[in-house]
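The structure appears right after this line, and notes come after that.
The values are calculated or read from the model by the stated rules, or taken from the named source; none is laboratory data. Just so you know, these numbers come straight off a predicted model, no measurement behind them. With ideal geometry, Cβ positions are generated from the backbone for all residues, glycine too; neighbour counts draw on all protein chains shown.
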Amino acid sequence: MDSGGVLRLDEDQQKALQEEGRVILKASAGSGKTTTIVGLYLHLLRKGVGTHEIVAITFTEKAAAELKERIYRGVMGEEKLKEKERIVTALTHAPIGTIHSFCASILRDYPLEAGVHPDFRVFEEVESDQILTEAVRTYLDRLNSIT
Ligand SMILES: Nc1ncnc2c1ncn2[C@@H]1O[C@H](COP(=O)(O)OP(=O)(O)OP(=O)(O)O)[C@@H](O)[C@H]1O
Ligand SMILES: [Mg+2]
């Protein structure tokens, strides 16, 4: 396989490229999961799959930024990739990010269907803690006023 400036995947990592459809990677810390995902992403691009057709999601902002950066570097290092420049540009809008941002983008596209305000935003953790505390307090107050 052309490593395209990205690490050559070992035998186990290569298996992820042979699977069609969904792939679940489960391995210990630092064992090469992100490397495999980047390899899979590049493999799909080489097959002609569009950046908008590949959803690459992770949990933290930090992991998402690392994934995007490594995919970007991988694409830059690909010598044989057709339309590389167009793909590099398209990567800016590619769905590579946190699961929260991916879900938010779907809700923003379909606010009526989802029953949410089109201008909603995701709470920061501190905010959500405060709101949850307030909601529980309001609920308990109501409960107290009934009994
Ligand atoms: N096939 C490989 N050959 C050589 N080095 C590799 C290979 N796969 C991964 N590595 C190296 O191993 C290290 C960890 O890889 P990677 O970041 O992909 O692991 P990870 O499982 O995603 O880690 P984390 O659990 O921290 O997210 C990196 O330095 C990477 O360059
Ligand atoms: Mg990783």
What are the residues in region 13-26 that are at pLDDT below 90 and of a type outside the set (Lys, Arg), if any? ALA16, LEU17, GLN18, GLU19, GLU20, GLY21, VAL23, ILE24, LEU25
So which residues in region 83-105 are over 20 Å from THR35 (Cα atoms) and touching a residue at least 24 places away in the same chain (Cβ under 8 Å)? ALA90, HIS93, SER101, PHE102
Answer with yes or no whether LYS68 is under 12 Å from the mean Cα position of the chain (by Cα), buried (at least 17 other Cβ atoms within 10 Å of the Cβ), farther than 20 Å from GLN14 by Cα and charged (D, E, K, R). yes
Which numbered condition trips up ALA114, out of (1) touching a Phe, Trp or Tyr at 6+ places or on another chain (Cβ under 6 Å); (2) over 23 Å from GLU11 (Cα atoms)? (1)
Check whether at least one residue in region 48-58 is closer than 20 Å to HIS100 by Cα, within 15 Å of ligand 2 (Cβ to nearest atom), surrounded by 16 or more Cβ atoms within 10 Å (Cβ to Cβ) and not polar (S, T, N, Q), and report yes or no. yes
Taking only region 59-99 into account, find how many residues are within 16 Å of ligand 2 (Cβ to nearest atom) and not β-branched (Val, Ile, Thr). 15
Step by step: first the residues of region 27-47, then only those that are without any contact (Cβ under 8 Å) to a residue 12 or more places away in the chain and within 10 Å of ligand 1 (Cβ to nearest atom), then the one that is surrounded by the fewest Cβ atoms within 10 Å (Cβ to Cβ). Which residue is that? ALA29
Scan region 101-147 residue by residue and report those that are in a helix (DSSP H, G or I), among the hydroxyl-bearing types (Ser, Thr, Tyr) and modelled with pLDDT of 95 or more. THR133, THR138, TYR139
Residues that are closer than 21 Å to SER105 by Cα: which helices (runs of 4 or more DSSP H) entirely in region 1-86 hold 3 or more of them? 61-77
